[in-house]
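What follows is a single structure, written as structure tokens, with notes after it.
The values are calculated or read from the model by the stated rules, or taken from the named source; none is laboratory data. All values reported here derive from a predicted model rather than from experimental measurement. Cβ: placed from backbone, ideal geometry, glycine included. Neighbour counts: every protein chain shown.
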Amino acid sequence: MPETSSTLTSQKKWVSWALLGAVVLVFLISLVVGNQMAGGSEEAFGGTDDAATEAAEEAGAEPWFEPLFEPAGEVESGLFAIQAAIGSGIIFFCLGRMSGRHAAARRDASEDGSTEAARVADAETAGAQALDRTAPTESDA
């Protein structure tokens, strides 16, 4: 007997709630375990830079030079945020340009009515997956 759409919807809701509960449970367990492992120290989640510096000093390494400019912690985090914003802006600008080129190539291919031009446009963005699309099908014959 085929399942009705209401049965499928209720199953999807149950799965969604179960997954949400699992994510919350994992998050809570990680907080409890992390707090216990920190031993109540003030800086429970220290950065990797601090850990690497401590490990290097324990091994007897000495710094090669001293920084010329050492900003305050707030300024340093602000500079890092600006650097992250500039980097993400560059990445998303490039992704937008690639998406625009793909859309223009698809539009040109549809205006020409050429399926070969559409396949070339797909191959530019799809990479290795384009090989599967270039194989002739029964409808092409």
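Quick check on my filter: what residues within segment 54-80 are of a type in the set (A, V, I, L, M) and surrounded by 10 or more Cβ atoms within 10 Å (Cβ to Cβ)? Spell out how you get there, then give the answer.
From segment 54-80, those of a type in the set (A, V, I, L, M) are 55-56, 59, 61, 68, 72, 75, 79; that's our starting set.
Hits for segment 54-80 are 55, 56, 61, 75, 79.
Listed residues 77, 30, 5; which is at negative phi and modelled with pLDDT under 90?
Numbers: 77 fails: modelled with pLDDT under 90; 30 fails: modelled with pLDDT under 90.
Answer to the check: 5.
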